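Before I ask anything, let me first share the structure, which is written out below as structure tokens.
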């Protein structure tokens, strides 16, 4: 490996001290490598198939460099790899850990690499670009050394603070020491201003941002020393480090993890027919079970898997309320497997309706359950997954939500032999339409609250297409339609009118969109609880009077 020297400029003083001699060895030992899937994704982005000339700026101790050189998709396609870093301590460790004749190491910065014009096929910076102090100068340097069809890649190993409370708490312990560094919460996002520069827009295509999950095994000692590798922490006194060590120990031993799937049981069986035999009770219990938790795994679990990228950008998805959270990627395959098993359970339970109807039922009625079940499963999967991904088809996204709830209600309703349509359908059927309209309205209002996150994730929804005010008006209209299916003075009639009123708030003041959606969620929970309680009391009174 060749090494050269170049005068560095614009190096952050805390970076120079925190990553300097005597500290870089610990950095190299404790900082995680980059997952093979991450390196594979970057390889796909590089246009050239072989003979790649790569510039790695902020190469540090060579953690990312070693990953590239040993990865099967990279190892045989690299022609030359020029590594740039301004920190002498980092470069010292690099020379001891990287041995490859294709690699050279230089002293330099983002705006002064010393690389020839139009040389690089790929510029990459791993866990370093947030230290760039002059974005304008850096982008001009990138343009100078990059070939016309070249690629820029910025990559970071980011701790999962959203799904693991202990990681968030541990990270917060070091925040006081990160003030004034590029890793502070205020500074670490400033690198994104690069995309707003005219020099970037005029020379590069739209950026592609991807989150790929991976896991690292560790011990109390390793996570403690990891915290000590942060630039701001590395320079504090031994006494302060000991205090930080004790605080980290308390956090890790408490182990508050927030691994939460957005699963909420919504299925309510609306029927006055109660089984009075052991087989009937068992059959009904199986049907109710399959219309609750397994269905929620499909509806909510599949949604959480396919919406992982947009949920990361959604402030509502912090796992702090009934509005949901971000599903840890570690559990994605497990959730999808559970959803497949749940699909089989729901199908089998619907077939039991062929044997549970009262004698004399019309011949078409046994088919109602299986047909509703098939439609429900198709919509539940295709709402979030491909090829249809109905949630990105504006207006249809809200209607699909209403249809899923209507079909869920319908499965419970027809299990007792009741018809879905016609003059004999009765009051119960109208309650199904009430649920459908209300759910459509709730979804539309949720889209209003999520519009910024959906736009950032480039997702088309009813709110991103129609706008917040029109979508809020659509939500209010759905609630008004729901109120027309029942007596306006009834419990659910009043709930529908209250929902319509709440939905109109964003039409008047868009700033209240998130609070409005939160209000409708809690009003719906209270309303559902009150409705079930009212029906249970009514049935008990009827039983007593008989």
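Normalising by the residue count of segment 151-237, find the relative contact order in percent from Cα pairs under 8 Å and 6+ residues apart.
34 percent
Given the Cα-Cα distance of residue 97 and residue 494 and 0.36 nm per residue of separation, how much length would full extension add, in nm?
Fully extending the segment from residue 97 to residue 494 adds 135.8 nm.
Something else about it: If you take the beta carbon distance between residue 136 and residue 188 as r and set R0 to 25 Å, what does 1/(1 + (r/R0)^6) give as a FRET efficiency, to the nearest 0.05?
Calculated transfer efficiency: 0.85.
Relative to the present Cα-Cα distance, how much length would full extension add between residue 159 and residue 222 at 0.36 nm per residue of separation?
In short, 21.2 nm is gained.
Using the 10 angstrom Cβ neighbour count as an exposure proxy, how do 189, 302 rank, fewest first?
Least crowded to most crowded, the residues run 189, 302.
Just the Kirkwood number for segment 1-130, please: inverse of mean 1/r across all distinct Cα pairs, in Å, one decimal.
About 14.8 Å for segment 1-130.
Put a dot 7 Å past each Cα toward the Cβ at residue 243 and residue 104; how far apart are the dots in nm?
Rounded to a tenth, the inter-label distance reads 4.8 nm.
Still on this structure, please answer the following. If each residue's Cβ is checked for other Cβ atoms within 10 Å, how do 68, 390 rank with the fewest at the top?
390, 68
Moving to a separate point now. Using the beta-carbon distance between residue 465 and residue 254 and R0 = 41 Å, what value does 1/(1 + (r/R0)^6) give for FRET efficiency, to the nearest 0.05?
Efficiency, from the Cβ-Cβ distance: 0.35.
A follow-up question, please. Based on the Cβ-Cβ distance of residue 511 and residue 341, what FRET efficiency does E = 1/(1 + (r/R0)^6) give at R0 = 45 Å, to the nearest 0.05?
Efficiency for this residue pair is about 0.55.
For residue 198 paired with residue 388, estimate the spin-label separation in nm (one decimal), with each label point 7 Å from Cα along the Cα-to-Cβ line.
Distance between label points: 4.8 nm.
Fewest to most neighbouring Cβ within 10 Å: what's the order for 214, 385?
So the ranking, lowest neighbour count to highest, is 214, 385.
Shifting gears a bit: What number in nm² do you get for segment 2-254 if you take the convex hull of its Cα atoms and divide its surface by four?
If I average the Cα hull's projected area over directions, I get 13.1 nm².
None of the figures in this text is laboratory data; all of them are computed from the coordinates on show. Remember, predicted model here, so these are calculated numbers, not experimental data. Please note: Cβ atoms are built from the backbone with ideal geometry, for glycine as well, and neighbour counts cover all protein chains shown.
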